[in-house]
Every structure is written in C-alpha cells, then in structure tokens.
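Worksheet: one structure, shown below.
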Amino acid sequence: MSLDRARRSVQKLRQISSGEIRLSAPALSIDPRDALELFHSQLLCRLIDVESHELRARNQGYYTICSAGHEGNAVLGRLTRTSDPALLHYRSGALFLERARQRPEVDAVEELLLSLTASADDPISGGRHKVFGSVPLGIPPQTSTIASHLPKAVGMAVAIDRSARIGVGSQVASDAIVLCSFGDASVNHSTAQGAFNAAGWAAFQKLPVPILFVCEDNGMGISVRTPTGWIEARMQAMPGVHYLSVDSTDLSNAWHTCVAAIDLCRSKRAPVFLHLRCVRVWGHAGSDADTEYRSPEEILAAEQRDPVAISAQVLLDAGVLTGEQLSTMISQEQTRVLDASAKAVRRPKLTTRQAIMESIAPSRPELVAAEARRSGYAPMPEDAERPRPLGQAIRSGLADLMRKYPELLIFGEDVAQKGGVYGVTLGLWRTFGPGRVFNTLLDEQTILGLAIGASQIGLLPVPEIQFLAYLHNAEDQLRGEAATLSFFSRGQLKNPIVIRLPGLGYQKGFGGHFHNDNSLAVLRDLPGVIVAVPSRGDDAVKMLRTCLAAAKVDGRVCVFVEPIALYPTRDLEPGDGKWSFAFPAQNEAIDLGEVGVYGPDDRDLLVLTYGNGVPMSLRVRDRLAKAGIRARIIDLRWLAPLPETAIRTHAAQLRRVLCVDECRRSANVSEAIATCLFEDPQLKDIRFSRVTAADSFTPLADASRLVLPDEDEIHRAALSLIS
Ligand SMILES: Cc1ncc(C[n+]2csc(CCOP(=O)(O)OP(=O)(O)O)c2C)c(N)n1
Ligand SMILES: [Mg+2]
C-alpha cells in the first residue's frame with residue numbers, strides 16, 4: 001500500500017508535467033537557477049525514496065523511512081557550507097543531496113543506494129546502518145535514537161569558538177555553524193529539551209553557540225499528534241534561542257527564512273530554532289499502515305501538500321521549466337536512480353564477523369605506548385618527589401597532561417573554582433584559565449554531549465561526571481553515541497574522550513547509595529570502550545597518560561573510574577605512608593592490559609582485584625604471610641578490555657584463585673573473570689572463589705559495610721581456598 005502511494009507520487013509529477021493535473025502553487029521569488037537545482041535535489045530524493053520501497057518489496061533494501069514531504073529542507077543544503085557540520089534527521093534526504101552538489105566528487109545517489117542496500121561499499125557506514133553521512137560533506141552519521149544527537153551538536157557549536165579562544169585550531173572553520181535537524185515529536189524528548197536549554201543557558205551568558213536547530217515539523221511522531229501550536233509555543237518560550245518559522249512546502253518562502261536564520265546564527269554566533277513546517281506524505285515507514293490512524297481525507301490533504309509536486313508546479317508556472325523538460329528530467333533521473341540501485345544490489349555485503357567489527361575501535365598499541373611515554377613537553381612538577389595520595393596525584397597528572405595537550409579541556413559540574421566535590425581539579429582553573437577548565441550546567445547529558453561534540457572538531461575533552469551513579473541518566477551519550485561513532489563511520493570519524501568518573505564504595509562517613517555506587521556493568525559491555533580503575537596515585541598518573549594517548553592516537557573513548565575512598569588514602573596501615581607515591585617520570589606509563597603484580601614470587605594463592613580491593617587485599621596478604629601463606633595480588637587496573645592473558649597466565653601458575661570484586665555480585669567483573677578462567681581448558685581444575693559486594697543498593701553510614709567485601713571475609717575466603 002505504501003509502495004503504491006510512493007509510485008503514485010511520481011505518477012502525479014508526470015501528470016503535472018503533462019498538464020493533466022494543475023496545482024495552485026505559490027509564486028517563485030528566488031533566482032530561477034537556485035529553484036531549478038533545488039527542485040532537482042527534491043526530485044532525486046523522492047525517486048530514491050520510491051526506490052527504497054521497491055528494494056524492500058524485493059527484499060534487497062532494508063530501510064523505508066523516507067523524506068517524502070520534508071524535501072523543503074533542500075534549501076538548507078544549498079545555503080549552508082560543507083564546512084558547517086550537519087547532524088541530520090532521518091528525513092533530511094533532500095538536504096543531503098543538495099549539499100552534495102557542493103562536492104561534485106561525491107556521488108550522493110550512489111552512496112544512498114549503497115546505504116539502503118547495506119553494502120559494505122557504502123562509504124559512510126560500510127553496510128552497518130542506513131544513515132545520512134559523509135565525511136567530505138561534513139555530515140557525521142547519526143544513530144536511530146531520537147534526539148540523542150542534539151547534545152553533541154550543541155557541544156560542537158560551543159567548541160568552534162572555544163577552540164579559537166584557547167588558541168588551538170579546530171577541524172572546522174572559525175565562522176562555521178552547526179546544523180542539527182530532527183522531527184517535531186523529538187522536540188519533546190528530554191534529551192532535546194536539555195540541549196535547547198544548554199544552548200540557551202550558554203547564549204544567555206553571551207557565550208557563542210552557533211547552532212541552527214532545524215525542526216522538521218510534520219505534525220506527528222509515528223501516530224501521535226503534536227498539538228497544534230505546541231512547537232511554536234514551546235520554543236518561543238526558550239530564553240537565548242531565536243525562533244523562526246516557515247512553511248517549507250513553499251520553496252521561495254523557505255529560502256528567505258532559511259537565509260535569515262543562517263545569517264542570524266552565523267553572524268551573532270547564537271542558537272536559532274528554525275521551525276520548518278512540512279508534511280509526512282506517507283506512513284512513518286514502509287511497514288506503517290497509517291490508515292489505522294489517519295483518515296483518507298487527511299492522507300489526501302497530505303498528498304496535496306507534497307512539496308515536490310508543489311515545486312514542480314512553481315517551476316512550470318514561472319516558466320523555468322516546460323512540461324516537456326520536466327517530463328524528461330523525471331525520466332532521466334529515474335533512470336539514474338534505477339541504474340544506481342541495480343548496481344548497488346550487486347555490490348559486496350559484510351560477510352565476516354571480523355569485517356563488521358574492525359571499525360569498532362581501531363587500535364595501534366605501539367603508537368599509544370610511545371605517545372603515553374612522550375616526555376619533555378613541560379618541566380616536571382617541582383615537588384615530584386613528594387608522596388601523593390590518589391586524589392592529589394590525579395590533579396598533578398591532569399596538570400601535566402594539560403601542558404602536553406593544549407587542546408585538552410576539563411569541564412563538568414563544579415570542576416572550576418571549587419575543583420570538583422573532592423578537590424581533584426583544584427587549581428587547574430587558575431593555572432589554565434576558564435577557556436580550558438570550566439563549569440557546565442547541571443546536566444550530565446550536556447556534559448557528555450559537549451565532550452562528544454568538542455572531540456569531533458579536534459579537541460581532547462576530559463569531562464568529569466560528578467559521581468558514577470549520575471552517569472546513568474546520561475548513559476546513552478556514552479553507550480549509543482560516543483561508543484558507536486567509529487563503528488558507524490567505518491573508523492573515519494572518532495570522538496576521543498577520557499571521562500573521569502569518581503565512584504565505588506567505602507567512603508567514610510559520607511554517602512549512601514548514590515555517592516558509593518558500586519556497579520561497573522554498564523561500562524563493561526560497551527564495545528571498544530576502555531575502562532580503567534587505578535588503585536594508587538602513581539598508577540593513576542601512568543594510566544591517565546595511556547588513556548589520553550589512546551584517545552589522541554586512536555580516537556578511543558576511555559572511562560577513568562576513580563575510587564573516591566582512595567582519594568585521600570596515604571597509608572596501608574595507620575601512619576605507614578605506604579599508599580602515597582612520588583609523581584612518576586614523564587616517560588613512564590602503564591600500557592593497556594598491563595596489570596600490577598604484588599609478590600611475583602609468591603605461589604600459594606592468587607588474588608585478582610582492583611580499586612579498593614587492592615589495598616584491602618594487600619593487608620590480608622600480610623595477615624596470610626604471618627601464617628606462612630604467600631599470596632600474589634594482581635591489580636587488574638583495566639576492566640575493559642579485561643587483561644585476560646595476564647589473568648590466565650597467573651592463574652595457570654598458582655591454580656588457587658580468589659577474586660575480590662567490590663562491585664555487586666551480578667554482572668560485574670568477578671563473573672567475567674570466572675568465565676575467562678573456566679573457558680580455558682588448561683584451567684578447568686583450578687580452585688576458584690570470589691568475594692563480592694551483595695546484590696544490594698548501598699545503605700547510609702556504617703551499615704554500608706555490610707553489603708561490601710571486608711578484609712575478614714577476604715581472609716576467610718583465602719584460607720578456605722588453601723585448605
Ligand atoms: C529514544 C527513542 N525512542 C523511540 C524511538 C522510536 N521512534 C522512531 S521515530 C519516532 C517518532 C519521531 O517523530 P518525529 O520526531 O516527529 O520525527 P518524524 O518521524 O515525524 O519525522 C519514534 C518514536 C526512537 N527512535 N528513539
Ligand atoms: Mg514528526
């Protein structure tokens with residue numbers, strides 16, 4: 001049915017060309033050459049949409065969410081530049097095609113058909129997703145998650161002017177604007193509202209945020225209506241964000257309003273919300289029977305507002321095209337699309353797991369190791385020899401890395417003057433200035449979006465999420481967005497980020513659950529994301545160097561989990577100072593997968609642990625030693641990817657293995673370690689047990705200890721493994 005409607009829309013264009021149908025159309029008030037090329041892109045877009053339905057009917061194409069009715073957006077493809085990053089709605093096909101006109105070397109028709117047919121030759125995603133994306137066109141691919149691209153679009157916009165302010169070049173022109181399109185229902189998503197708010201919040205303080213939000217308003221989200229007048233009422237009430245509106249089915253009007261919107265955004269460096277009113281001519285997707293929720297009259301009315309048909313009539317009325325020329329144009333372009341389609345279905349598909357996965361997180365460990373040890377970029381801290389606990393070491397390590405990487409930015413809630421809740425970034429604001437160390441508004445989605453956007457234009461963001469528990473309300477920015485960019489762009493685009501994430505349990509006298517959250521499960525299942533958990537200050541500095549190097553060299557996304565309880569810890573036993581360490585020389589680093597080994601010659605028992613578990617296990621080790629039991633403690637340091645080789649090698653030597661995991665029993669690292677061990681045929685007969693936190697939330701005060709591993713428990717578990 002939807003295929004019939006798609007075909008019918010082309011038939012209607014032919015009837016317009018022959019004069020069989022005559023629409024009442026607005027007058028042309030733009031240069032006819034502009035109008036003709038815009039119409040050409042609109043027409044191509046329609047023909048590709050029709051072909052997407054044909055391909056689906058033959059089971060050769062895999063995506064039928066179309067741009068039909070939205071083709072007025074072509075105007076934006078003409079009026080913006082390829083140096084203006086464009087993060088596009090899945091109905092911005094005409095915009096994509098029109099922008100491609102600026103780069104004749106890009107065959108946008110071919111590319112879109114390769115994407116529709118999931119070919120491995122699709123230049124942007126290599127068959128991994130149907131997306132609008134192109135590196136030469138300045139169009140990074142977007143995910144299917146509604147509104148999730150808005151925070152990073154704001155991040156890009158903020159970063160354009162900020163990179164000039166801090167004197168480092170960005171990958172886009174200094175007068176660039178960011179174009180970000182989305183649907184009307186998406187406006188209601190909290191992620192979108194957060195992004196509008198963040199842009200407005202910054203603009204309200206006169207900070208530059210050159211972003212053009214483009215709401216392609218077709219009046220519905222799948223079947224749910226957007227209340228009449230809602231978008232204008234909602235968005236006109238947004239301080240700091242300019243609002244402009246136009247009916248985009250009228251090419252000339254759309255042109256004049258888009259010119260004004262782009263000028264405003266570019267010259268004032270301010271957020272603009274462009275309300276591009278349009279229509280959805282067909283169902284939401286090919287499979288959507290919109291007749292269930294739209295009356296025949298409503299569908300007919302939508303078809304009568306078809307912008308491609310209206311543009312055709314405008315051009316005929318203005319004498320820009322004759323009926324015959326229009327008819328020839330339709331036939332020629334149809335042939336072009338059908339040819340490209342026939343070729344696309346014969347192009348290769350993804351056929352191996354390896355080919356699919358190779359773009360997840362390209363990695364060059366030797367280059368990363370060398371970059372992490374690159375030294376001499378700045379003097380060592382004068383007090384390098386002074387022993388530092390974890391929190392102070394991270395602060396010194398960050399300062400050192402800010403000198404190494406002038407494009408490194410630190411931001412988050414309270415990180416500037418206050419230096420974060422625990423003072424870890426204290427003094428960096430003063431030393432490096434508010435251009436590089438700054439407070440954000442209180443919104444984790446914005447913080448991560450800012451990081452993704454800034455990283456995509458060449459900066460090196462080190463955002464802080466105040467507590468691990470508060471990652472969760474922004475998790476999609478990491479999981480759905482940052483982690484997937486390389487995958488969906490064939491490794492052509494990267495978002496190098498090191499997220500600092502204070503977390504885990506055992507804080508004395510502070511907290512309750514949300515300040516002591518102890519589950520890392522949501523981080524460990526993210527393909528390609530590096531998860532680091534240092535247990536001591538010097539390690540933290542050396543691991544941070546590697547994380548920044550992995551970000552810089554390979555564009556990796558890293559999560560650096562800082563055990564809060566260890567920030568101030570100086571001692572293993574009261575007063576011994578054995579848990580504070582000198583600042584490591586700049587040519588020292590800890591490589592990905594390199595574990596810490598305490599007692600390499602001890603052979604009675606192996607303890608695998610990380611974070612708070614390390615000093616606890618070391619104290620238990622001393623107790624065991626008094627009973628003549630010699631335990632080797634391994635600090636895993638890297639929880640993703642897990643250092644499996646080291647784990648198996650040590651386990652094979654000692655064969656009695658205790659895992660001390662301060663995270664919850666289910667879905668955390670102890671389960672992964674057990675699997676890693678028992679999957680190895682050589683290790684099937686080892687003795688293994690684990691001490692973990694309970695599958696509980698953490699209560700307040702001393703009761704918190706009842707759900708966490710303690711040293712007596714570790715001691716008991718060790719003895720029973722030995723017996
Ligand atoms: C976060 C999220 N929730 C739900 C969906 C499923 N979904 C896909 S499109 C859509 C409707 C979007 O409507 P609108 O923003 O108006 O865009 P339109 O399709 O009308 O152009 C929904 C609910 C999704 N992709 N992402
Ligand atoms: Mg909509």
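Key figures
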{"item": "Segment 94-209: equivalent-ellipsoid semi-axes (sqrt of 5 x gyration tensor eigenvalues, Cα, Å)", "result": "28, 19, 11"}
{"item": "Rounded to 10°, Cα long-axis angle of helix 613-626 versus longest principal axis of the chain", "result": "20"}
{"item": "Amide H contacts under 5 Å for Gly286, placed H, 5+ residues apart", "result": "Thr64, Ile65"}
{"item": "Segment 600-665 pair-distance distribution - Cα-Cα, 5 Å bins, rounded %", "result": "4, 18, 29, 26, 16, 6, 1, 0"}
{"item": "Cα long-axis angle, helix 251-268 against the chain (0 to 90 degrees, to the nearest 10)", "result": "40"}
{"item": "Over segment 1-103, equivalent-ellipsoid semi-axes from the Cα gyration tensor in Å", "result": "24, 21, 10"}
{"item": "Segment 319-404 - Debye-derived log10 I(q)/I(0), Cα point model, q = 0.16, 0.23, 0.26 Å⁻¹", "result": "-0.88, -1.13, -1.22"}
{"item": "On Cα atoms only, tilt of 444-456 relative to the major axis of the chain in degrees", "result": "80"}
{"item": "Kirkwood estimate for segment 471-510, i.e. one over the average of 1/r between Cα atoms, Å", "result": "12.3"}
{"item": "C-alpha center-to-center spacing [segment 136-187, segment 603-648] in angstrom", "result": "45"}
{"item": "Antiparallel %, DSSP beta bridges [both residues in the chain], to 5", "result": "15"}
{"item": "Fraction of accessible area attributable to carbon and sulfur, segment 486-605 (%, probe 1.4 Å)", "result": "51"}
{"item": "Distance cut-off 21 Å, percentage of C-alpha pairs in segment 568-702 lying past it", "result": "46"}
{"item": "Per residue, in Å², the accessible surface of the chain once ligands and nucleic acids are set aside, probe 1.4 Å", "result": "37"}
{"item": "Share of Cα-Cα pairs in segment 280-357 lying beyond 20 Å, as whole percent", "result": "63"}
{"item": "Base-10 log of normalised Debye intensity for segment 12-67 (one unit scatterer per alpha-carbon) at q = 0.17, 0.20, 0.26, 0.29 Å⁻¹", "result": "-0.75, -0.89, -1.05, -1.10"}
{"item": "C-alpha center-to-center spacing [segment 213-233, segment 520-566] in angstrom", "result": "41"}
{"item": "Estimated translational D of the chain in µm²/s (Stokes, Kirkwood radius over Cα pairs; 10 °C; 1.306 mPa s)", "result": "57"}
{"item": "P(r) weight above 17 Å for segment 551-613, C-alpha pairs, percent", "result": "65"}
{"item": "Largest to smallest principal axis extent of the C-alpha atoms in segment 147-266, angstrom", "result": "48, 33, 23"}
{"item": "List Trp282, Trp201, ordered by accessible area with a 1.4 Å probe, largest first", "result": "Trp201, Trp282"}
{"item": "Helical contribution to [θ] at 222 nm, DSSP H n ≥ 4, -39,500 (n - 2.57), averaged over the chain, rounded to 500", "result": "-12000 deg cm²/dmol"}
{"item": "Sparse-neighbourhood loop sites, GluC sites (Glu not before Pro) in segment 370-441 - DSSP loop, at most 16 other Cβ within 10 angstrom", "result": "Glu382, Glu385"}
{"item": "Relative contact order, percent, the chain [alpha-carbon distance under 8 Å, six or more residues apart]", "result": "12"}
{"item": "Volume in Å³ per residue [convex hull over Cα atoms, computed for segment 439-511]", "result": "95"}
{"item": "Radius of gyration and maximum dimension Dmax of segment 327-465, Cα, Å", "result": "24.0, 81"}
{"item": "Flagged links, alpha-carbon separation over 26 Å, of Lys349/Lys494; Lys418/Lys508; Lys206/Lys552; Lys542/Lys578; Lys542/Lys626", "result": "Lys206/Lys552; Lys542/Lys626"}
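The values are calculated or read from the model by the stated rules, or taken from the named source; none is laboratory data. The model shown is predicted, which means the values in this text are computed figures rather than measured ones. As a convention, Cβ positions derive from the backbone with ideal geometry for all residues, glycine included, and neighbour counts pool all protein chains shown. The accessibility values were calculated without ligands, DNA or RNA, using every heavy atom of the protein model including side chains. Shrake-Rupley method; radii C 1.70, N 1.55, O 1.52, S 1.80 Å.
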